[in-house]
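Have a look at the structure below, then the notes.
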Amino acid sequence: MKVVRVQFHPLDKEYYFLPEFSQEQAKLAISDKVVAETVLGDDIGTVIDWEDYQPTEKEEIEVKPLLRPAKEEDLAQLEDINKRVPSYLEKCSLLINQHGLKNMKLIDAAESFDQKRLTFYFSAEGRVDFRDLVKDLAREFRRKIRLQQIGVRDAAKICGDFGPCGLPLCCRAWLADIGNVSPQYIKDQDLGHRGAERLSGPCGRLKCCLRFEEEAYRYNLEKLPKVGEEINTKAGRGKVVAVHPLKQTVNLEIDGAVVEYPYLEGKLCAKKDICK
């Protein structure tokens, strides 16, 4: 069956909905706005994609019915709702300061389409006891309050910034799936000498761009010998002290001297040789 993947806020996960396949719903395209009934009430979201879904006994996603595509009056109401967000953030920030929650960084806010719920997104190191804050927010806005803690990478995606390359952050500009960046990438790409500051983005975590060339590095590393291995050469037996995946060369220590050799197609070549 055909299902629609919908996201209500860039910091929320995506949900699946089942259209009734009216003439309007059959024409839904990616980035269209739709109104849906959720467990938290009616809300308006964005179509992320269409998917074919065949439920199995082992894995079954929860699929709710889709109410309708957003109409002009729905979009006008959404615009009015978004205009109120800055005032919500300002008041929430004041209450955060009053409660002394210094490690709590407010990132964004969202009001549900039915105007019955307010969600505040924040980042923090460790857990935050915000029970008293929730009570004050509920008393202030007369709505259901939802506080959602997000990671620093997600916070950077919403707040935006510029990288050392001078361009907007990838996570803000185009990178839909941030994913994980492993410290192993630093070792694979031989970047440890650059230091933590040059390898970290404005969010304080390893740069997402370390992922971009990792596949090429791993592919070439599989063809190269490991550091510490010994290889026979015409100049004598050498020990691998470094590998260069992109250049496909290895540094061999032979009788105290370090020489860089090409290592192509699974064999060592002399510098002037052509590997066949």
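The numbers here are math on the coordinates, done by the rules we state, and not lab data. Keep in mind it's a predicted model, so treat the numbers as computed, not measured. With ideal geometry, Cβ positions are generated from the backbone for all residues, glycine too; neighbour counts draw on all protein chains shown.
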What is the gain in length, in nm to one decimal, between LYS239 and HIS9 on full extension, counting 0.36 nm per residue of separation less the C-alpha to C-alpha distance? 77.4 nm
Can you list the HN-Hα couplings for segment 250-257, worked out from phi with the Karplus curve (6.51, -1.76, 1.60; θ = phi - 60°), rounded to whole Hz and with x for Gly and Pro? 10, 9, 10, 9, 10, 6, x, 9
Output row, site LEU94, 7 Å Cα→C-beta label point, backbone N cut-off 19 Å, window segment 116-132, residues 118-121, 132
Under a point-charge model restricted to the Cβ atoms of Lys and Arg (+1) and Asp and Glu (-1), what is the dipole moment magnitude of the chain relative to its Cα centre, in debye to the nearest 20? 980 debye
So if each residue of separation counts as 0.36 nm, and I subtract the Cα-Cα distance between GLN115 and ASP132, what length gain in nm does that give? 3.9 nm
What percent does the relative contact order of the chain come to when contacts are Cα pairs within less than 8 Å and at least six residues apart? 10 percent
